[in-house]
Amino acid sequence: MKLLFDANLSRRIVGLLQDLFPGSSQLMLIGLAGETPDEVIWEFAKSAGFTVVTSDTDFIRLSAQRGAPPKLIFLDRMNYSTEIAADLIRRNAVVVSEFEKSTRNVLTLRRI
C-alpha cells in the first residue's frame, strides 16, 4: 500500500514510515504542493494507486462525492508533531493495511 501524504503533513513522515509503506510520498516531493486543488490531488492519487493521508476535512467531502479509489486515511484532530503522526500510523499499520481491502472509503485515526 502506497500512502500519499497531504501538504498539511511534513514530508519527513515519508522517511519515518518507508519501511512499512514503501513507495509512499508527500505532495511537496512530487510537485503538487502549494495551490494545487484537492480535486487534482484526488485524481493523481487515483491514477497512481495511492491512498491519501490527510487531516483536511475537504478530502472527506471529496470521498463522499466521488467514492474510492483513492481511499482516504483521515488523521482526526491533527494538532501534534510529525513523529507522533508517524507513530499513530505505525501503531495502526495492520488496520491501515487491512483497510486497503475493505469496502470502506475512509479510515479515521485518532490520537488517544
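Could you give the distance between the Cα centres of the stretch 1-32 and the stretch 38-66, to the whole Å?
If you average the Cα positions of each part, the centres end up 14 Å apart.
Counting other beta carbons within 10 Å of each Cβ, put Lys71, Lys2 in order, fewest first. Show your work: numbers first, answer last.
Working: Lys71 22, Lys2 15.
By the 10 Å Cβ count, ascending, the order reads Lys2, Lys71.
Under 11 Å from a label point 7 Å along Cα→Cβ of Arg110: give me every residue in the stretch 71-88 with its amide N that close.
From the stretch 71-88, the list is 76-77.
So which GluC sites (Glu not before Pro) in the stretch 1-110 end up in coil per DSSP with only 13 or fewer other C-beta atoms within 10 Å? Mind dumping the intermediate values first?
Details: sites: Glu35, Glu39, Glu43, Glu83, Glu98, Glu100; in loops: Glu35, Glu100.
Hits after loop and neighbour filter: Glu35, Glu100.
Say R0 is 25 Å: what FRET efficiency, to the nearest 0.05, do Ser97 and Lys46 get from their beta-carbon distance?
Working: r = 19 Å, r/R0 = 0.78.
With a Förster radius of 25 Å, E is 0.80.
Name the long-range amide H neighbours of Gln26: under 5 Å, sequence gap of 5 or more, or other chain; modelled H, no Pro or chain starts.
Phe5
Summing Lys, Arg as +1 and Asp, Glu as -1, what charge do residues with Cβ under 14 Å from the Cβ of Ser25 carry, Ser25 excluded? Display every interim value, and only then the final one.
Working: positive: Lys2, Arg11, Arg12; negative: Asp6.
Neighbour charge sum, excluding Ser25 itself: +2.
For the chain, set up a GNM with springs between Cα atoms under 10 Å and report which of Gly23, Gly15, Gly31 has the largest fluctuation.
Of Gly23, Gly15, Gly31, the Gaussian network model singles out Gly31 as fluctuating most.
A short reminder: the numbers here are calculations on the coordinates, not readings from a lab. Quantities reported herein were computed from a predicted structural model and do not represent experimental measurements. A quick note on method: Cβ atoms are made from the backbone with ideal geometry, for glycine too, and the neighbour counts reach across all protein chains shown.
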